[in-house]
Structures are given as C-alpha cells and as structure tokens.
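The values are calculated or read from the model by the stated rules, or taken from the named source; none is laboratory data. Given the structure is predicted, the values throughout are model-derived calculations rather than measurements. For neighbour counting, all protein chains shown are included, and Cβ atoms are generated from backbone atoms with ideal geometry for every residue, glycine included. These accessible areas exclude ligands, DNA and RNA; they are computed on the full protein's heavy atoms, side chains included. Shrake-Rupley method; radii C 1.70, N 1.55, O 1.52, S 1.80 Å.
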Amino acid sequence: MQRFSLVQLVRNALAHHEKWPAYWRSPEPKRAYDAVIVGGGGHGLATAYYLARNHGITNVAVLEKGWIGGGNTGRNTTIIRSNYLWDESAHLYEHSLKLWEGLSADLNINVMLSQRGVLNLAHNLGDVREGVRRVQANRLNGIDAEWLSPQDVQAFCPIVDIGEGRRHPVLGATLQRRGGVARHDAVAWGYARAADALGVDIIQNCEVTGIDVLAGRVVGLRTTRGAIMARKVGLVTAGHSSVLAAMAGFRLPVQSHPLQALVSEPIKPVLDCVVMSNAVHVYVSQSDKGELVMGAGIDAFNSYAQRGSFHVIEHQMGALLELFPIFSRLRMMRTWAGIVDVCPDASPIIGRTPVGGLYLNCGWGTGGFKATPGSGWVFAHTIANDAPHPLNAPFALDRFTSGALIDEHGAAAVAH
C-alpha cells in the first residue's frame, strides 16, 4: 500500500479541493498528525506509546470521547494470563504477559502486577479433557501450565469446596502460576504519562463524529472539538468499533454486548489466587483493598448501554456460592458493566482495513485487558509499517472471507 507524507496529504487535499466538505475548505487552520489513535483506553494509549518509543513516530494524537481510562479499561476483570489453546492466540498473549512482567519498570509506575496464579476449574469430563489438552498445547508453545487433581486444587486454594455431591463438582483444574491480576487504571495512566513524555498529544472529551475518506484513503477526522488532518488513523474503540467503521464506509463482523462484574464489601485476605470456571462462566479474585472482584460471561443481548441484566449476574453468583460457601454472607458493594466487541470466532481483529491508512484493533471480547501491552506493541508496528507484525498477521479482517478463523470460543477456559 502506498505511503503518504503529510505534504502529499495536503497536496492531495488541494487537488480535490472542490470535493471536500465546506468545513474543510474554510481558511481556519487545522492540525495535521502523522497518526491519530481513536480511543484513550489501555490499547489505544499503549499503541501511541509504542509508536513513539519503538518507531520514533511522536507526531501522534490520542482522541478520547470521555476521560482517560474511563471506558472498559476501568471496568475490566484485571486478570492477566496467556494460557490460550490455539497457537496464534497463545503466542500473542504470551508476548503480552512477558511485557506485563517488565511493565512497571518500563513505564516507571507501579501497575500492581500480582502473579498469584490463575486456576481454571473442571466440573465435568469435557472440562477435564479440554483442560489437559490445553495444558499440553501450552507446554508445546513454551508457556507454563499444570494440571491439578482435586486435592491439588484444594491445597493451592483451600477455600474451594471440592466435596462430593456438589452441583458443580471439582474434578481438577489447570494452573498458570505466572498469571494473576494488575491494576487497570494504573496501566492506563502509566501508558498515558509515558506517551505524553515522548510528545504524544492526548485529547480528552473529544468524540469523533466523522471519518473523511478521499480517493480510497483516510485524510482526516471530524470531532466535537474540530477537524483534524491525519496521514494514518488507528481505531481502538472497544464496544463501538462497528460505529466507527460505518463512518469510514465498511462493515465489521462484530457484535456489542454488555459484560458485567461486581465487587463485595472489603474483607480480610482470604483468596490469594484467581479462580475461574468455564462450565459456570464465573471468576473471582481479591483486590488489594479486600474486595472480592467477581463477574461472569457476556450478556447474550446486544447493547451499547454500560449496564446489564441483573438475572445474568445473579445466576453466576449462585454458582459461585456453590464453589465458595464461605462467601454466602457477603454483601455486594457495587456492580457495573462494560461494552465489548465480540467476533464470531472470539478472537480479535488487528490490522488494515479496506480504507488506505485506516487500521483497526477490535473484537477482543472479554480478553482485552490481559492483551493490553502486546496489542499496543503489534498494532503500533502495523500502523508504522503499513504491514502486520508476525504476531497479529493471523488476526487480519480478511480471515472472515478466507475462512482462516481462530476459534477460541470455549477453547481457552472462561474467556476473561
């Protein structure tokens, strides 16, 4: 794909002057950027940071319609892991986990990474077979993974009920000891601060209202704070990617769903690992403040509202209490929902679009937070070189026409 300099962009604009909307033809000066990242969440900020640090592209703007870290980044599970089944996913998430392990030093901020271990429980024969298969696949990819017996599960997490006759009997579990949790807002502000120090402009309260395409290439953006010229644009707007794609004139194979979570009242330390269950689709960990962070899978209905149906989370909490009877007397302190993009194969889209100079990073479903550093790393490479990094090459948009799908639905334990 042809590369355009800012000078060429302006010359191209002048050559098609009469085709431009009236506000572009006005004499008012407009800022021009080498790259604009739409979306000021973890992935967008990480992309801007790695564009500046890894590729020397500092004439970059990050546009956020609200405030930094106020979207899904501030509403996520906080879980970090890389124990995915398929090679393509495992390599990308493992790269991300390795970046997580040095992120506090890299950004000079404590992201509160706690590698306390992630358990994925098995409750039936299908779970056991899937878990053992995934452990072996992880090991072949050089990723740490173990299979635990029920007794090993209780030794690692004593408060899990492995007794017989339970509605959800524990038949074993996979364990990734390097997995754990991180502080979501610290990650967002760490990347924001580091990108700002390298010269990136971070513009809050700036919603994109239109994407201008001329001769098959993106040339600028319309926003609530004025027009911006851009040589390249990266869309990283979890939950609203299809809306932005429509502005550029193409459709995406994604759906938007609410993803619910809640926290309990603070209690003394009682759970020092992350416990997840695919069969009941629930997870639980304990934050540094003492709250139990709990959640479920996505709500089945489509919505852009940051709330969910209470009966969905209620069902998951009923299952959770079967596994942890000691939580039954706790009170819920607050609940919330984020909006996630979900692809048909439950894997992200990272790469070029049908519009020249326009790039897309979306479709992470419930797996976005743990991929934050790796996602930003490969997306920055894709934007800088107009070609995918080897790690994100399999996640191109054209896989939905070629049939080269990466189907992680139900293949990698609970999807968080």
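For this structure, a couple of remarks:
- The set of residues in region 136-147 being open to solvent by less than 50 Å² (accessible area, probe 1.4 Å), under 13 Å from GLY179 (Cβ atoms) and not in a loop (DSSP other than H, G, I, E, B) consists of ASN138 alone.
- Within region 348-359, residues that are closer than 17 Å to THR401 by Cβ and modelled with pLDDT of 95 or more reach partners that are among the charged types (D, E, K, R) and open to solvent by 10 Å² or more (accessible area, probe 1.4 Å) with beta carbons closer than 8 Å, at six or more positions or on different chains, in the pairs ARG352/ASP386; VAL355/ARG217.
- Condition check for LEU391: assigned to a loop (DSSP other than H, G, I, E, B), within 29 Å of MET112 (Cα to Cα) and open to solvent by 10 Å² or more (accessible area, probe 1.4 Å): yes
- Each residue in region 111-131 was checked for being open to solvent by less than 30 Å² (accessible area, probe 1.4 Å) and either of a type in the set (A, V, I, L, M) or in contact with a Ser or Thr (Cβ under 9 Å, 6 or more places away or on another chain) (or both), and 9 of them qualify.
- Scoring SER241 on the criteria (1) closer than 21 Å to ALA337 by Cα; (2) without any contact (Cβ under 8 Å) to a residue 40 or more places away in the chain leaves a single failure, condition (2).
- Close pairs (7 angstrom Cβ cut-off, 6 or more residues apart or separate chains): over 16 Å from TRP189 (Cα atoms) in region 91-118, basic (Lys, Arg) and crowded, with 22+ Cβ neighbours inside 10 Å anywhere: TYR93/LYS370; SER96/LYS370; VAL118/ARG81
- Candidates LEU85, LEU9 - the one that is more than 20 Å from the chain's Cα centre (by Cα) and modelled with pLDDT under 95: LEU9
- Test: GLY163 is more than 22 Å from GLY66 (Cα to Cα) and either open to solvent by 20 Å² or more (accessible area, probe 1.4 Å) or not in a strand (DSSP E or B) (or both): yes
- Pair list, Cβ under 7 Å, 6 or more apart: region 55-70 residue open to solvent by 20 Å² or more (accessible area, probe 1.4 Å), other residue charged (D, E, K, R): ILE57/ASP34; ASN59/ASP34; LYS65/GLU207
- Region 88-110: number of residues that are farther than 17 Å from VAL378 by Cβ and either modelled with pLDDT under 95 or in contact with a Ser or Thr (Cβ under 9 Å, 6 or more places away or on another chain) (or both): 1
- The set of residues in region 366-388 being within 20 Å of ALA404 (Cα to Cα) and open to solvent by 20 Å² or more (accessible area, probe 1.4 Å) consists of ALA387, PRO388.
- Test for THR224: is it of a type outside the set (Lys, Arg) and open to solvent by 40 Å² or more (accessible area, probe 1.4 Å): yes
- Of the listed requirements (1) hydrophobic (A, V, I, L, M, F, W, C); (2) farther than 22 Å from PHE369 by Cα; (3) under 20 Å from the mean Cα position of the chain (by Cα), VAL219 misses just one: (3).
- Taking region 193-211 as the range and being assigned to a strand (DSSP E or B) and open to solvent by 20 Å² or more (accessible area, probe 1.4 Å) as the test, the residues that pass are ASP201, ILE202, ILE203, THR209.
- Some residue of region 317-324 being open to solvent by 10 Å² or more (accessible area, probe 1.4 Å), in contact with a Phe, Trp or Tyr (Cβ under 7 Å, 6 or more places away or on another chain) and of a type outside the set (Gly, Ala, Ser): yes
- Only one of ALA404, ALA396, ALA346 that is touching a Gly at 6+ places or on another chain (Cβ under 9 Å), open to solvent by 10 Å² or more (accessible area, probe 1.4 Å) and over 21 Å from ASN76 (Cβ atoms): ALA396
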